[in-house]
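Q: Sharing a structure here in structure tokens format.
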Amino acid sequence: MRRRRTGAARRWAAVGGGVAVLLALPPLIGALPASDAGTPAADLRRAALDSTGVAFAGYAQAAGGLALPVGEQLTGVADLLSDRTTMRAWYRGPADWRVDVVSPTGETGVHADAGGTWTWDYVASAATRTADTALALPTAPDLLPSALGRRLLSEATDAELSRFGADRVAGRDALGLRVVPAEGSASVGRVDVWVDAASGLPLRVQVFGESGGEPAVDSSFLELDLTTPEVEVVDFAVPPAAEVRAGQDPQLLQAATRGTRDSTLVLPAALAGLGRRTIEGAPATVGVYGRGVTLLTVSALPGRASNGLRTALAGAPGAVVDDLGVRIAAGPLGLMLADGPDGAVLLTGTVTLDALAAAATELTGEAP
């Protein structure tokens with residue numbers, strides 16, 4: 001958001017003559033208080049979910065405040081949720097977009113089409129093709145305010161929604177929409193989404209833990225242009241000299257798939273009061289429970305994949321180690337490695353440590 005002008009600066013502009021006023025007008029407009037249109041919460045949510053057809057080009061930053069001691073298995077996710085991610089985005093439609101992640105060492109461009117994504121590493125001159133899959137760990141484009149906002153609003157009920165005023169985001173009027181999850185096992189205290197009053201596009205998203213304080217995730221557009229980007233900007237063609245790589249599932253998901261061969265883990269229809277979701281293509285020993293912003297994922301892990309993770313979790317501040325296994329909370333994100341009858345079971349999600357323990361007890365029959 002643009003820095004607000006002081007009262008003295010506005011008075012100076014008013015007496016500085018016609019030229020000074022004309023020069024000062026655009027930033028002054030950007031600093032004006034936002035207008036709250038009085039749109040009901042349910043209608044604002046509907047507008048946000050319907051904004052998938054709104055084309056734009058923009059510049060955004062996402063800041064994560066989660067310190068995940070997960071070792072090598074989840075280094076990419078840990079970096080994504082603990083650092084600042086700078087993105088340039090061009091969006092033509094749900095399967096026609098480009099997001100460039102800008103870092104001090106270079107840029108990585110992600111180009112989406114109907115079959116998946118191409119990830120272009122400028123420094124390595126490598127193009128990686130990744131098909132759409134039922135299970136995937138989050139990547140930088142998932143933190144774009146438009147995508148993240150729609151995702152977190154997608155399953156909210158009217159009873160979980162409320163309005164909280166308005167603000168200016170990227171120079172546009174943005175209406176505040178709050179989600180407070182109803183599940184008692186939720187570790188997310190609230191989600192605040194600022195929705196563009198004119199287009200319905202989510203412009204800023206903040207996720208807070210139960211205790212409030214600083215947001216665990218804060219993603220916002222800094223600049224936004226609601227025009228359709230040119231096809232040439234979004235499309236991707238593999239350069240002639242580039243190395244072409246095949247996208248692979250993250251290590252933990254690969255391990256979970258291999259673990260189905262030997263594991264006897266049987267996942268019930270509900271865990272810790274959360275119903276199981278249907279995930280097409282997921283291995284039998286991988287389950288996702290809950291809805292909206294309250295989700296729990298369970299997967300069997302062979303010993304070779306769990307040893308390093310167990311050490312990392314046990315050494316984290318506030319780790320709880322008992323007969324069930326080891327569990328930690330990183331802001332609103334909970335992680336647990338439970339000791340199953342024939343191997344380790346990984347539980348992760350936006351649920352409390354008590355909910356993780358309850359789920360592990362239901363799975364293993366052990367009490368802490």
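Q: Please determine, by comparing only the residues of segment 162-201 that are in contact (Cβ under 8 Å) with a residue 40 or more places away in the chain, under 24 Å from E223 (Cα atoms) and part of a loop (DSSP other than H, G, I, E, B), which one is most open to solvent (accessible area, probe 1.4 Å).
A: Checking each candidate, the answer is A197.
Q: Return only the number of the condition from (1) among the aliphatic types (A, V, I, L, M); (2) in a strand (DSSP E or B); (3) at pLDDT 95 or above that V244 does not satisfy.
A: (3) is the only condition that V244 fails.
Q: I'd like to verify a number: residues in segment 84-114 that are open to solvent by 40 Å² or more (accessible area, probe 1.4 Å), of a type outside the set (D, E) and farther than 20 Å from R150 by Cβ, how many?
A: The number of residues fulfilling the criteria is 6.
Q: Among the listed residues D142, D132, which satisfies the condition of being farther than 20 Å from G38 by Cα, of a type in the set (D, E) and loosely packed, with under 14 Cβ neighbours inside 10 Å? Can you show your working first?
A: Values: D142 fails: loosely packed, with under 14 Cβ neighbours inside 10 Å.
Testing whether each residue is farther than 20 Å from G38 by Cα, of a type in the set (D, E) and loosely packed, with under 14 Cβ neighbours inside 10 Å leaves just D132.
Q: Determine which member of the set A159, A147 is out of contact with any strand residue (DSSP E or B) (no Cβ under 7 Å at 6 or more places or on another chain), buried (at least 18 other Cβ atoms within 10 Å of the Cβ) and either in a helix (DSSP H, G or I) or small (G, A, S) (or both).
A: Values: A159 fails: buried (at least 18 other Cβ atoms within 10 Å of the Cβ).
Just a single option satisfies the conditions, and that option is A147.
Q: Within segment 207-218, identify whether any single residue is free of Cβ contacts under 8 Å to residues at least 40 places away in the same chain and on the phi > 0 side of the Ramachandran plot, and answer yes or no. Break it down stepwise before answering.
A: The initial filter retains those residues of segment 207-218 that are free of Cβ contacts under 8 Å to residues at least 40 places away in the same chain, namely 211-213.
Filter again for on the phi > 0 side of the Ramachandran plot, leaving 212-213.
For segment 207-218, residues free of Cβ contacts under 8 Å to residues at least 40 places away in the same chain and on the phi > 0 side of the Ramachandran plot: present.
Q: Still on this structure, I have one more. Hey, does segment 297-310 have a residue that's under 21 Å from the mean Cα position of the chain (by Cα) and either open to solvent by 10 Å² or more (accessible area, probe 1.4 Å) or not aliphatic (A, V, I, L, M) (or both)?
A: Filtering segment 297-310 for residues under 21 Å from the mean Cα position of the chain (by Cα) gives 297-299.
Filter once more, keeping what is either open to solvent by 10 Å² or more (accessible area, probe 1.4 Å) or not aliphatic (A, V, I, L, M) (or both): 297, 299.
Checked segment 297-310: at least one residue is under 21 Å from the mean Cα position of the chain (by Cα) and either open to solvent by 10 Å² or more (accessible area, probe 1.4 Å) or not aliphatic (A, V, I, L, M) (or both).
The values are calculated or read from the model by the stated rules, or taken from the named source; none is laboratory data. Here the structure is a predicted model, which means the values were calculated and not measured. Neighbour counts run over all protein chains shown; Cβ positions are idealised from the backbone, glycine included. Calculation scope for accessible area: heavy atoms of the full protein, side chains included, ligands and nucleic acids excluded. Shrake-Rupley method; radii C 1.70, N 1.55, O 1.52, S 1.80 Å.
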